[in-house]
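The values are calculated or read from the model by the stated rules, or taken from the named source; none is laboratory data. Note that this is a predicted model, so its numbers are computed, not measured. Cβ placement follows ideal geometry from the backbone for every residue including glycine, while neighbour counts extend to all protein chains displayed. These area figures cover heavy atoms from the full protein model, side chains too; ligands, DNA and RNA do not enter into them. Shrake-Rupley method; radii C 1.70, N 1.55, O 1.52, S 1.80 Å.
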Amino acid sequence: MYKINYNIISENHKKRIDLLSNEKKNKYEDYLKNDSKENLIVLEKSNLIPEVGDIFVLSLKVGEYYYGKVLESFKINDTNEQVIVIFSKTIDEIDIDKCSFDYENLLFAPEIVYDGYWKKGFFKKIANIPLSTEEKKLDYGFFRMHPLNKYGYFVNYIGEELDHLPKFYSLYGVSNIYNIYFAIRFENLFLNRS
């Protein structure tokens, strides 16, 4: 087990917020309030369970689409969950040929979501491309704090401990129905797409 004695997710987030101008910090605070309950645009609802290799699109505004890929699809208890990546490049129309799968340009680290993103229509499947060798070997994990001791460690998507600090990591747990929206709004503050 690879242990660290602080919450690396929280510390990294604080450091990034400190890099923002006061104007962007205020925008971030407004996003967190989300008084209007904004979320991703509904594209197309689907009851199909997402599969490994599914390519999907999502959007915050008409005519601009982010795209992502399902790296894992699994069931825990009664919930169908997926590990996804979303790329930082946007496309202006839903076209698989416009997507480039550059893992050095992810919008943020892989996240665990549930199939509600597809059921509510926030994610729309456009194709399925089997994982490449590179994608199968992608070094990612999820951070957990030990509930009793003051250390954290990394796990894979089903909670098995990792013995190293992964290249990409996020917090362990399923992202709620607003989390991806907030994550994109936050990252866009750094890409000047706010």
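So here's what we get for this one:
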item: Spin-label model distance (nm) - I76 vs D102, 7 Å beyond Cα toward Cβ; result: 3.2 nm
item: Radius 15 Å from Cβ of E72, net charge of other residues (Lys, Arg +1; Asp, Glu -1); result: -4
item: Accessible area of region 1-96 divided out per residue, in Å², using a probe of 1.4 angstrom; result: 58 Å²
item: Additional length obtainable on full extension of the chain from L165 to H146, 0.36 nm per residue less Cα span; result: 5.2 nm
item: Histogram of C-alpha separations across region 73-159, 10 Å bin width, %; result: 13, 39, 35, 11, 2
item: Distance between region 30-72 and region 132-194 - C-alpha centres, whole angstrom; result: 18 Å
item: Whole-percent carbon and sulfur share, accessible surface of the chain, 1.4 Å; result: 47 percent
item: Potential extension, T133-K15 segment - 0.36 nm per residue separation minus Cα distance; result: 39.1 nm
item: Where labels lie 7 Å past Cα in the beta-carbon direction, separation of E51 and K25 in nm; result: 4.9 nm
item: Projected-area average for region 1-89 over all orientations - Cα convex hull basis, square nanometres; result: 9.5 nm²
item: Where region 128-177 is the region considered: accessible area per residue in Å², 1.4 Å probe; result: 60 Å²
item: Gaussian network model of the chain, Cα within-10 Å springs - most flexible of D139, D92, D35; result: D35
item: Charge sum, other residues only, whose C-beta stays under 13 Å from L165's C-beta, Lys/Arg counted +1 and Asp/Glu -1; result: -1
item: Charge dipole (debye, nearest 20) of the chain; +1 at Cβ of Lys and Arg, -1 at Cβ of Asp and Glu; result: 560 debye
item: Compactness index (Cα Rg / 2.2 N^0.38 Å), the chain; result: 1.03
item: Cα Rg over Rh - region 38-108, Kirkwood; result: 0.97
